[in-house]
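Shown below is the structure under consideration.
The values are calculated or read from the model by the stated rules, or taken from the named source; none is laboratory data. Values in this document were obtained by computation on a predicted structure and should not be read as measured data. Backbone-built Cβ (ideal geometry, glycine too); neighbour counts: all protein chains shown. Ligands, DNA and RNA are excluded from the accessible area calculation, which covers all protein heavy atoms including side chains. Shrake-Rupley method; radii C 1.70, N 1.55, O 1.52, S 1.80 Å.
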Amino acid sequence: MSARLVVGLTGGIGSGKSAVTAGFERLGVPVVDADLVAREVVMPGSDGLREVVEAFGPDVLGADGMLDRKKLRLLVFDDDMKRKQLESILHPKIRDRIRDALAAIASPYCILCVPLLVERQGYENVDRILVIDCSEELQIERVMSRDNLTRQQVEAIMRSQATREQRLAIADDVIENSRGLDALRAPIARLHAKYTDIAENPGTQQ
């Protein structure tokens, strides 16, 4: 059995996607996180890791045999050819695993968290799109503090992502996340009720 409604959750770096998905999980909603799936497909012993090492060399491995994601990210960030090569290795594996995970869910609805949903046009698995939104300045402040990056580094990452306007243009629902964790409870509860109703009453349009 699979969920009757799949909500694609997305947002820019530092927007608070993890906090919102955690809020839905506390309400018992299954969450499939594309970032976690991306890590699973390159675990030691996996075909994904073997193919990445064959393509980019053993220097992308850490001392523990795990993929050094930061080193790999720096290697492909400014090289379109290498980035496309990496995507051709990983994206089919990620898509297959996400499809299998969604098919195994027995729940009225679930959350599929896809940080680059807009950029990858990954709409085929989702019925609705929920965008987590905040100001670009707040994104920068959060990521600088969280990841110990410079403003220039954060701005470069943001330039590689969809714009705030592009994300909002495709949103069915929006959670504005600029006031802290406590302020997220009410909109998450409201959307939980809304999504449950839509899933249980398929003709409902809200």
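Could you check how many residues of region 162-195 are in a helix (DSSP H, G or I), buried (at least 16 other Cβ atoms within 10 Å of the Cβ) and of a type in the set (A, V, I, L, M)?
The number of residues fulfilling the criteria is 3.
For region 44-57, give me the residue count where each residue is in contact (Cβ under 8 Å) with a residue 24 or more places away in the chain and open to solvent by 50 Å² or more (accessible area, probe 1.4 Å).
2
With respect to Gln139, is the statement that it is open to solvent by 70 Å² or more (accessible area, probe 1.4 Å) and in a helix (DSSP H, G or I) true?
Against the criterion (open to solvent by 70 Å² or more (accessible area, probe 1.4 Å) and in a helix (DSSP H, G or I)), Gln139 does not qualify.
Within region 85-122, which residues are assigned to a helix (DSSP H, G or I), touching a residue at least 60 places away in the same chain (Cβ under 8 Å) and of a type in the set (A, V, I, L, M, F, W, C)?
Ile94, Ile98, Ala101, Leu102, Ala103, Leu117, Val118
Out of Ala38, Ala22, I need the residue that is under 24 Å from Asp127 (Cβ atoms), free of Cβ contacts under 8 Å to residues at least 40 places away in the same chain and open to solvent by less than 40 Å² (accessible area, probe 1.4 Å). Which one?
Ala22
Moving on to the next point. Take the residues of region 58-84 that are part of a loop (DSSP other than H, G, I, E, B) and aliphatic (A, V, I, L, M): which is least open to solvent (accessible area, probe 1.4 Å)?
Here the answer is Met66.
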